[in-house]
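The values are calculated or read from the model by the stated rules, or taken from the named source; none is laboratory data. The structure displayed is predicted, hence computed values, not measured ones. Quick reminder, even Gly has a Cβ in these numbers, built from the backbone with ideal geometry, and neighbours come from all protein chains shown. These area figures cover heavy atoms from the full protein model, side chains too; ligands, DNA and RNA do not enter into them. Shrake-Rupley method; radii C 1.70, N 1.55, O 1.52, S 1.80 Å.
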Amino acid sequence: MYRYDNTDQQIINERVAQYRDQIGRHLAGELSVDELRPLRLQNGLYIQRHGPMLRIAIPYGMLSAAQLRKLAEISRRYDRAVGHFTTRQNMQLNWPQFEETPDILAELASVQMHAVQTSGNCVRNITTDHFAGVAPDEWTDPRPYCELLRQWSTFHPEFAFLPRKFKIAVNAAAEDRAVIRAHDIGLDLVGNEQGEIGFRVFVGGGLGRTPILGKLIREFLPRRHLLSYLDAILRLYNRYGRRDNMYKARIKILVQALGIDEFGRQVEAEWSQLRDGPTTVPDVEFARLGGHFAPPPRATLPAEDAAHAARLRNDPAFANWVKRCVHPHKTPGYAAVTLSLKALGVAPGDISDVQMIAVAELAERFSFGELRVSHEQNVVLADVRQSDLHEVWLIARRHRLATANIGLLTDMICCPGGDLCALANARSVPIAAAIHEKFDDLDYLHDIGDISLNISGCMNSCGHHHVANIGILGVDKNDEEWYQISIGGQQGNAATIGKVIGPSFYAQEIPQVIEALIGVYLEHRTPSERFIDTLQRIGIEPFKARAYAGRDRRRTAKVDNREEEVINA
Amino acid sequence: MPRIIKHDRVVEDDWQVLTLAAGETPATVTLPADPVLLPLPVWLARRTEISSLYRTLGVWLDSHEGPEALADDIDRLSIIAVNFPKFTDGRGYSIARLLRERYHFQGEIRAIGDVLQDQLFFMRRCGIDAYALRADKDIEKALAGLSVFSETYQAAVDQSEPLFLRRRTEASA
Ligand code: HEM
Ligand code: SF4
């Protein structure tokens, strides 16, 4: 993975000093609450329901074992010994002390980490495929490009105060695992007929209260022009994006207002002035960055390990885990492993300090000391020998990291919701827990098969509920917690925004409603169909009818009414 | 006399900023004695009159206005000020860069409005070289804001090459 040189380190150290000074000036009364807010947010510090929350950047989800050990230590010393992985591949600490945040940043800097631009109206953490570099369906490694973008976006002088936050995701695989069209800019690495590497560029995607999928703005952008082209898009957005209404401030609204053709024309006009300038990236830089992501020294192994095959036959629990949590790898004899952070009774994405240490050890022993965070809020060991899988499983199981539910109903994406988040309409973690309890039978879950269920506690959609097969959204109804359900959303190449099935449900009803939806699927499916396939074939009506059977719903819920910190979130 | 930061030092400065009060129009507003930074609409409406009246010319752009409007006047202006109505309004950074990089403005670009220490570094990188700090802030202390980082990744007005080009030459040197 990318290692800082002296300059990178110096910049991050200076950032810590700057932040420490800002907090100091604030405490001395020289920097008001309003003046500090955007500054602290650009260092990941929110003020939440119970106090501060710190969002730590994990650039494109890559972590070394040493960094995870440091996170464990920080969570123990400065927090309640638990961290929370987000859909944007970052980590949130929910209980830090305001005055100690500069020290936390200094600790992070000691392992080449930071919280730069994890919030605020600026370019945020770049995200990508958690199987980058090892996926068989990938044709080039996206991470050098992500690192290029990380450096370009870090303290970009022109784009530190955009109308709103700006999220960029990169995909380089046949199957998009980074949800690129749900981002302000989605970059799809492709080659052209001449064998040149470049990008298909999507713009104007985003979730939140107006979910929109990104639109294709350029069929092929040669990679050397990446930065000048993004400068052109961002300059237009910075100048013409709406600043009068924060709900209309994302680039998706500008793109919609102008139309993609007109927006594209303006981008080309601006870009024509910038292209081939100093920001053109030479091949040697791509080579330098690529060197940081060179494959680890993997052994030459047979494609099938005999002992592994025997264990699969003899140990059904292990086989179940392999089926859901072990993924193909481009090198024969290797596999990628997802460690599930979706055990029963644990908030989705939460990881304790002890688990962090355990994962770091697993990475060191079995996966070249590196790991990744997935946007589904799990942890991935990307380079495990097939012959080691059983031992990895045994250790992971001891730490409750081996729930065989990846891609199944209980592998929910879930935001912190009303338990922690000041913007929430409703809690989301207890809903996830209630659903998990109802569906805690692994055989049943495996029978239901591939499905995504995501939960957000409000319209900000941090839990990606719009792009889930079943999406649950917390809404407020006369100060009570209610939930709106949408179905038919999906991620991937066929990314789709789900449709709301009707009036919202009371919290206690949710597990039964989910069961009803699953029931319709089980009755109608053909042997090869997933939930989404059946839904697409038979349509939304049968699901709707079953969900509301015996329930009287006339009033619709008010969808949102919390606006305080939204401006800055 | 009011003080501003200019070329990394605190200096005295007598430029006034003219704003239109309610009821005043660009065509009728009384032009004060120079030196004065004029709102763009006033300048556009009364270019000839102003040019004969003032020895040195200065115009200020609000954050929704663009450098395009000054394309024909670039060489006649001594100062172009860029207003930051709120420090979180980042349009001024693009305006300043365009003035320098596209319109090759050689004079002073001055930040006015909600100008605070923690934005000075970005402003400087975008080509702003004078800063009328918000009056309630300690201008001497704010100087520190100009030198927060000793190195930067991007090319900008203050640095013609991005770090990746300079890293390369260092490595091959
Ligand atoms: C607890 C503190 C959090 C706060 C205050 C917060 C706030 C927000 C807000 C206000 C938005 C809407 C932005 C917009 O529409 O312009 C948003 C979107 C989002 N947040 Fe969060 N969030 C929090 C935690 C999280 C967590 C834990 C995750 C991951 C699980 C997350 C991931 C996202 C994502 C993926 C979006 C959607 C991006 C889009 O609109 O395109 N956030 N967040
Ligand atoms: S979706 Fe709403 S409730 Fe959930 S974390 Fe985001 S802002 Fe908070």
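Remarks
For every residue, the table says whether it meets (1) modelled with pLDDT under 95; (2) under 26 Å from A:E175 (Cα atoms); (3) of a type in the set (A, V, I, L, M, F, W, C).
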residue	(1), (2), (3)
A:I487	no, yes, yes
A:R530	no, yes, no
A:L535	no, yes, yes
A:G550	yes, no, no
A:R553	yes, no, no
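- Candidate set: the range B:122-137, residues that are open to solvent by 20 Å² or more (accessible area, probe 1.4 Å) and under 10 Å from the mean Cα position of the chain (by Cα); chosen: the one nearest to the other protein chains (Cβ to nearest Cβ): B:R124
- Residues located in the range A:376-417, provided they are open to solvent by less than 10 Å² (accessible area, probe 1.4 Å) and within 16 Å of ligand 2 (Cβ to nearest atom): A:Q377, A:M412, A:I413, A:C414, A:G417
- Taken over the range A:471-496, the criterion of being more than 12 Å from ligand 1 (Cβ to nearest atom) and part of a loop (DSSP other than H, G, I, E, B) is satisfied by A:N478, A:D479, A:G488, A:G489, A:G492, A:N493, A:A494, A:A495.
- Pair list, Cβ under 6 Å, 6 or more apart: the range A:264-290 residue in contact (Cβ under 8 Å) with a residue 24 or more places away in the chain, other residue in a loop (DSSP other than H, G, I, E, B): A:T279/B:A155; A:T279/B:P162
- A:P295 falls short on exactly one of the conditions (1) in contact with a helix residue (DSSP H, G or I) (Cβ under 7 Å, 6 or more places away or on another chain); (2) outside any helix (DSSP H, G or I); (3) open to solvent by 50 Å² or more (accessible area, probe 1.4 Å), and that condition is (1).
- Selection status of A:A178, open to solvent by less than 10 Å² (accessible area, probe 1.4 Å) and not assigned by TED's automatic domain parsing to the domain that holds A:H465: yes
- Of the residues making up the range B:138-155, those that are farther than 19 Å from A:Y19 by Cβ, at the interface with chain A (Cβ under 10 Å from one of its Cβ atoms) and not hydrophobic (A, V, I, L, M, F, W, C) number 2.
- Those residues of the range A:15-50 which are under 30 Å from A:A65 (Cβ atoms) and more than 9 Å from chain B (Cβ to nearest Cβ), in sequence order: A:V16, A:Y19, A:R20, A:R40, A:L41, A:Q42, A:N43, A:G44, A:L45, A:Y46, A:Q48
- Any chance A:E376 is closer than 30 Å to B:R167 by Cβ, acidic (D, E) and not assigned by TED's automatic domain parsing to the domain that holds A:M62: no
- Count of the range A:12-55 residues which are assigned to a helix (DSSP H, G or I), more than 16 Å from ligand 2 (Cβ to nearest atom) and open to solvent by less than 10 Å² (accessible area, probe 1.4 Å): 5
- Among residues of the range A:181-200 that are farther than 23 Å from A:A495 by Cβ, those with a Cβ under 7 angstrom from a residue that is modelled with pLDDT of 95 or more and in a strand (DSSP E or B), sequence gap 6+ or separate chain, pair up as A:N192/A:G198; A:N192/A:F220; A:E196/A:P222; A:I197/A:L189.
- Whichever residue in the range A:329-356 is more than 16 Å from ligand 1 (Cβ to nearest atom) and β-branched (V, I, T) and, among such residues, is most open to solvent (accessible area, probe 1.4 Å): A:V354
- A:A432 fulfils the conditions (1) away from ligand 2 (no atom under 16 Å from the Cβ); (2) open to solvent by less than 10 Å² (accessible area, probe 1.4 Å) except for a single criterion, (1).
- Residues in the range B:70-121 that are of a type in the set (V, I, T), open to solvent by less than 40 Å² (accessible area, probe 1.4 Å) and either within 12 Å of chain A (Cβ to nearest Cβ) or under 11 Å from the mean Cα position of the chain (by Cα) (or both): B:I79, B:I80, B:V82, B:I95, B:I109, B:I112, B:V115.
- A:F531 being open to solvent by less than 10 Å² (accessible area, probe 1.4 Å), more than 16 Å from ligand 2 (Cβ to nearest atom) and under 15 Å from A:S428 (Cβ atoms): no
- Residue in the range A:460-484 that is farthest from the chain's Cα centre (by Cα), counting only those that are hydrophobic (A, V, I, L, M, F, W, C) and open to solvent by 20 Å² or more (accessible area, probe 1.4 Å): A:W482
- If you go through the range A:120-144 and keep only what is touching a Gly at 6+ places or on another chain (Cβ under 9 Å) and within 13 Å of A:R177 (Cα to Cα), you end up with A:T127, A:T128, A:D129, A:H130, A:A132, A:P142.
- Against the criterion of being assigned to a loop (DSSP other than H, G, I, E, B) and either open to solvent by less than 40 Å² (accessible area, probe 1.4 Å) or more than 28 Å from A:A160 (Cβ to Cβ) (or both), B:T56 qualifies.
- Residues (more than 8 Å from chain B (Cβ to nearest Cβ) and either at positive phi or of a type outside the set (V, I, T) (or both)) located in the range A:1-14: A:M1, A:Y2, A:R3, A:Y4, A:N6, A:D8, A:Q9, A:N13
- Count of the range A:317-328 residues which are under 25 Å from A:D141 (Cβ atoms) and open to solvent by less than 10 Å² (accessible area, probe 1.4 Å): 1
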